[in-house]
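Notes follow the structure.
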Amino acid sequence: MDKVKIGTCWLDGCSGCHMSLLDIDEGIVAVLGKADIVFGPLVDAQEWPEGVDVALIEGAVSSQDDLKLAQTARERSKIVVALGDCAVTGNVPSMRNGIPTRKLLERVYVEGSNQGAGVPTDGVPALLKHATPLHEAIAVDVHVPGCPPKPGAILFVLGELLEGREPDLGSKLRFG
Amino acid sequence: MTDKVKVRIDGEVIAATAGQTILEAARANGKYIPALCYMEGLSAVGACRLCMVQVSGVARLLPACTTPVQEGLAVDTMSPQLHDYRKIALELLFSERNHTCAVCVSSGHCELQALAQEHGVTYVRYPYNYPRLEVDTTHPRYVLDHNRCILCSRCVRTCAEIEGAHVWNMAGRGIHTMLVSELQRPWGEATSCTSCGKCVQACPTGAMAEKGWGAEEMTKQRTVVSRLNSMRGEGM
């Protein structure tokens, strides 16, 4: 049987969920016995490949690039997992949502800076009006909250998905 | 002797005391009905809608915290339908303001967070409202973060009914309702506040919290030591 293909990415997040994924310790051996990680910050691939089975997506959808990557991951993956509070609720990135984007950028890059370079436009993606949970941008199959989700919760979810079951977090469900 | 009435809760017959609410009777008999705005010792207002139960023969759901028991009453407190309604109530609470567990003083000790986890709320189906709300830091000892307030009014009732100061009130209507101190004065300027802190303890979320624990927040009252010493007549 072919190995299951896992893709991961982080959008507007702190990478903490990926740290928690690494923190499953020797659990990774069992996961990699059944699956390959084919895309993400932990591997070299430059583009989200076709035919991914499980997409683990960390972070809120906050910029044009986030939205594009989320949409690509959705199109090319069977199961999309919103990994962590930012992907599930918007969490800390969404705390900017009460402030208009222009004001926010000016506050940071003009009022908050003594470099005088102004709001950057080259090489950075445009911010969306709101940093939103992943499910407001694309269809999400599994939600795993937590800031970050405990390694045990991530390992449980991966284990269930690799066995073809729908994970029920039960008592492992936790926000914050 | 107090009058006893027989009621059936989830199929089990229990002897309740006349005058008790369904919630009180259930809890007195070791039965769990979730609730947020209810607090033992305070009047009940039926604001949070988490304790909604199905009373046999009544077409609509009723809040267990404000519905008195009656002889022969049969109540269903935990059907899948009620579970779904409670999930909806919780999700709407989350969607209304900015509840960010990761940066909240009450994370891990929050009744809203605990109830969401208990009810299997893995995400919020409704669009978030993202209101721009103030944090009142004017009180020297306590802080009020409106982002985390669910308008349960436990603080209002605690202050009015237990402390007898009635500093807190609700102002506005519907989604614009806000908790206010006195006549919309900042908390630190509320002259009727006794700084007893019972509202903080009654708050189910992190909306009300004690100051002094964050970085740079702890102000020490060093004069206390010297003053006590001089009051004892020593060092005069």
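The values are calculated or read from the model by the stated rules, or taken from the named source; none is laboratory data. In this text, all values refer to a predicted model and were calculated from it rather than measured experimentally. Note that we place each Cβ from the backbone using ideal geometry, even for glycine, and neighbour counts take in every protein chain shown.
In the range B:92-106, what residues are within 11 Å of chain A (Cβ to nearest Cβ), out of contact with any Leu (no Cβ under 8 Å at 6 or more places or on another chain) and under 20 Å from B:TYR130 (Cβ atoms)?
B:SER95, B:THR100, B:CYS101, B:ALA102, B:VAL103, B:CYS104, listed by residue number.
Filter the range B:125-146 down to residues that are in contact with a Gly (Cβ under 9 Å, 6 or more places away or on another chain), buried (at least 18 other Cβ atoms within 10 Å of the Cβ) and not acidic (Asp, Glu) and give me whichever is farthest from B:THR219 (Cα to Cα).
B:TYR128
Tell me, yes or no, whether the range B:113-129 has at least one residue that is closer than 25 Å to B:SER181 by Cα and within 9 Å of chain A (Cβ to nearest Cβ). Break it down stepwise before answering.
Of all residues in the range B:113-129, those closer than 25 Å to B:SER181 by Cα come to B:129.
Keeping just the survivors that are within 9 Å of chain A (Cβ to nearest Cβ) gives none.
Checking the range B:113-129: not a single residue is closer than 25 Å to B:SER181 by Cα and within 9 Å of chain A (Cβ to nearest Cβ).
Given the conditions (1) within 20 Å of A:ILE57 (Cβ to Cβ); (2) in a loop (DSSP other than H, G, I, E, B), which single one is not true for A:SER94?
(2)
Between B:SER153, B:SER95, B:SER79, which is over 17 Å from A:MET95 (Cα atoms), surrounded by fewer than 20 Cβ atoms within 10 Å (Cβ to Cβ), touching a residue at least 24 places away in the same chain (Cβ under 8 Å) and of a type outside the set (Asp, Glu)? Step through it out loud before you land on a result.
On the way: B:SER153 fails: surrounded by fewer than 20 Cβ atoms within 10 Å (Cβ to Cβ); B:SER95 fails: over 17 Å from A:MET95 (Cα atoms).
Unique residue meeting the criteria: B:SER79.
Against the definition (surrounded by 10 or more Cβ atoms within 10 Å (Cβ to Cβ), touching a residue at least 12 places away in the same chain (Cβ under 8 Å) and in contact with a strand residue (DSSP E or B) (Cβ under 6 Å, 6 or more places away or on another chain)), how does B:ALA165 come out, yes or no?
Values: surrounded by 10 or more Cβ atoms within 10 Å (Cβ to Cβ): yes; touching a residue at least 12 places away in the same chain (Cβ under 8 Å): yes; in contact with a strand residue (DSSP E or B) (Cβ under 6 Å, 6 or more places away or on another chain): no.
No.
Name the pairs whose Cβ atoms lie under 7 Å apart, with the first residue in the range A:125-152 and facing another protein chain (nearest Cβ under 8 Å), the second of a type in the set (Ser, Thr, Tyr) and assigned to a loop (DSSP other than H, G, I, E, B), and 6 or more positions between them or separate chains?
Here the result reads A:HIS130/B:TYR130; A:PRO133/B:TYR123; A:HIS135/B:TYR123; A:HIS143/B:THR122; A:HIS143/B:TYR123; A:PRO145/B:THR122, each pair linking the range A:125-152 to a residue that is of a type in the set (Ser, Thr, Tyr) and assigned to a loop (DSSP other than H, G, I, E, B).
List the strands (runs of 3 or more DSSP E) inside the range A:14-82, counting only whole elements, that have at least 1 residues being among the polar types (S, T, N, Q) and under 21 Å from A:GLY176 (Cβ atoms). Full working, then the answer.
Details: elements: A:35-39, A:52-58, A:61-63.
In the range A:14-82, A:61-63 are the strands (runs of 3 or more DSSP E) which contain 1 or more residues that are among the polar types (S, T, N, Q) and under 21 Å from A:GLY176 (Cβ atoms).
Looking at (1) more than 14 Å from chain B (Cβ to nearest Cβ); (2) of a type outside the set (Val, Ile, Thr); (3) within 28 Å of B:CYS101 (Cα to Cα), can you tell me which one A:SER113 breaks?
Evaluating A:SER113 over (1) more than 14 Å from chain B (Cβ to nearest Cβ); (2) of a type outside the set (Val, Ile, Thr); (3) within 28 Å of B:CYS101 (Cα to Cα) leaves (3) as the failure.
Could you say which residue among B:GLY46, B:GLY72, B:GLY41 is at positive phi and in contact with a Leu (Cβ under 9 Å, 6 or more places away or on another chain)? Steps first, please.
Values: B:GLY72 fails: in contact with a Leu (Cβ under 9 Å, 6 or more places away or on another chain); B:GLY41 fails: in contact with a Leu (Cβ under 9 Å, 6 or more places away or on another chain).
When all the criteria are applied, what remains is B:GLY46.
It is to be established whether one or more residues within the range B:198-216 are at pLDDT below 95, in contact with a strand residue (DSSP E or B) (Cβ under 9 Å, 6 or more places away or on another chain) and part of a loop (DSSP other than H, G, I, E, B).
Yes; the residues of the range B:198-216 include at least one that is at pLDDT below 95, in contact with a strand residue (DSSP E or B) (Cβ under 9 Å, 6 or more places away or on another chain) and part of a loop (DSSP other than H, G, I, E, B).
Return yes or no: is B:ILE150 in contact with a Lys or Arg (Cβ under 9 Å, 6 or more places away or on another chain), within 23 Å of A:ASN97 (Cα to Cα) and among the hydrophobic types (A, V, I, L, M, F, W, C)?
Working: in contact with a Lys or Arg (Cβ under 9 Å, 6 or more places away or on another chain): yes; within 23 Å of A:ASN97 (Cα to Cα): yes; among the hydrophobic types (A, V, I, L, M, F, W, C): yes.
In short, yes.
Filter the range A:33-45 for residues that are free of Cβ contacts under 8 Å to residues at least 12 places away in the same chain and touching a strand residue (DSSP E or B) at 6+ places or on another chain (Cβ under 9 Å) and give the result. Spell out the reasoning first.
The initial filter retains those residues of the range A:33-45 that are free of Cβ contacts under 8 Å to residues at least 12 places away in the same chain, namely A:33, A:43-45.
Of everything in the range A:33-45, those that are free of Cβ contacts under 8 Å to residues at least 12 places away in the same chain and touching a strand residue (DSSP E or B) at 6+ places or on another chain (Cβ under 9 Å) turn out to be A:VAL43, A:ALA45.
With the condition kept exactly as written, say whether any residue in the range B:215-225 is under 19 Å from the mean Cα position of the chain (by Cα) and either surrounded by 15 or more Cβ atoms within 10 Å (Cβ to Cβ) or within 30 Å of A:PHE175 (Cα to Cα) (or both). Can you show your working first?
Filtering the range B:215-225 down to residues under 19 Å from the mean Cα position of the chain (by Cα) leaves none.
No, because not a single residue in the range B:215-225 is under 19 Å from the mean Cα position of the chain (by Cα) and either surrounded by 15 or more Cβ atoms within 10 Å (Cβ to Cβ) or within 30 Å of A:PHE175 (Cα to Cα) (or both).
Quick check on this structure: which one of A:GLY164, A:GLY176, A:GLY159 is more than 8 Å from chain B (Cβ to nearest Cβ) and either free of Cβ contacts under 8 Å to residues at least 40 places away in the same chain or closer than 15 Å to B:THR122 by Cα (or both)? Give the steps one after another, and end with the answer.
On the way: A:GLY176 fails: more than 8 Å from chain B (Cβ to nearest Cβ); A:GLY159 fails: either free of Cβ contacts under 8 Å to residues at least 40 places away in the same chain or closer than 15 Å to B:THR122 by Cα (or both).
Result of the check over A:GLY164, A:GLY176, A:GLY159: A:GLY164.
Please work out which one of (1) at negative phi; (2) in a loop (DSSP other than H, G, I, E, B) is the condition B:CYS159 fails and give its number.
If we test B:CYS159 against (1) at negative phi; (2) in a loop (DSSP other than H, G, I, E, B), just (2) comes out false.
Any residue at all in the range A:105-115 that's part of a helix (DSSP H, G or I), in contact with a Leu (Cβ under 8 Å, 6 or more places away or on another chain), surrounded by 13 or more Cβ atoms within 10 Å (Cβ to Cβ) and without any contact (Cβ under 8 Å) to a residue 24 or more places away in the chain? Write out each step before concluding.
First, the residues of the range A:105-115 that are part of a helix (DSSP H, G or I): A:105-111.
Checking the rest, the ones that are also in contact with a Leu (Cβ under 8 Å, 6 or more places away or on another chain) come to A:105.
Going one step further and asking which of them are surrounded by 13 or more Cβ atoms within 10 Å (Cβ to Cβ), we end up with A:105.
Next, only the ones that are without any contact (Cβ under 8 Å) to a residue 24 or more places away in the chain stay: A:105.
Yes; the residues of the range A:105-115 include at least one that is part of a helix (DSSP H, G or I), in contact with a Leu (Cβ under 8 Å, 6 or more places away or on another chain), surrounded by 13 or more Cβ atoms within 10 Å (Cβ to Cβ) and without any contact (Cβ under 8 Å) to a residue 24 or more places away in the chain.
Which count do you get for residues in the range A:63-89 that are within 14 Å of chain B (Cβ to nearest Cβ) and more than 11 Å from the chain's Cα centre (by Cα)?
Filtering the range A:63-89 down to residues within 14 Å of chain B (Cβ to nearest Cβ) leaves A:80-89.
Applying the additional criterion that residues be more than 11 Å from the chain's Cα centre (by Cα) yields A:89.
Of the residues in the range A:63-89, 1 are within 14 Å of chain B (Cβ to nearest Cβ) and more than 11 Å from the chain's Cα centre (by Cα).
Could you pull out the residue among A:GLU136, A:GLU106, A:GLU160, A:GLU166 that is over 24 Å from B:HIS99 (Cβ atoms) and either touching a strand residue (DSSP E or B) at 6+ places or on another chain (Cβ under 8 Å) or of a type in the set (S, T, N, Q) (or both)?
On the way: A:GLU136 fails: over 24 Å from B:HIS99 (Cβ atoms); A:GLU106 fails: either touching a strand residue (DSSP E or B) at 6+ places or on another chain (Cβ under 8 Å) or of a type in the set (S, T, N, Q) (or both); A:GLU160 fails: either touching a strand residue (DSSP E or B) at 6+ places or on another chain (Cβ under 8 Å) or of a type in the set (S, T, N, Q) (or both).
Only one candidate passes the filter, namely A:GLU166.
How many residues, within the range A:119-163, are among the hydrophobic types (A, V, I, L, M, F, W, C) and in a loop (DSSP other than H, G, I, E, B)?
Step one: filter the range A:119-163 for residues among the hydrophobic types (A, V, I, L, M, F, W, C), giving A:119, A:124, A:126-128, A:131, A:134, A:137-140, A:142, A:144, A:147, A:153-158, A:161-162.
Next, from what is left, pick out any that are in a loop (DSSP other than H, G, I, E, B): A:119, A:124, A:126, A:137-140, A:147.
Residues that pass the stated criteria total 8.
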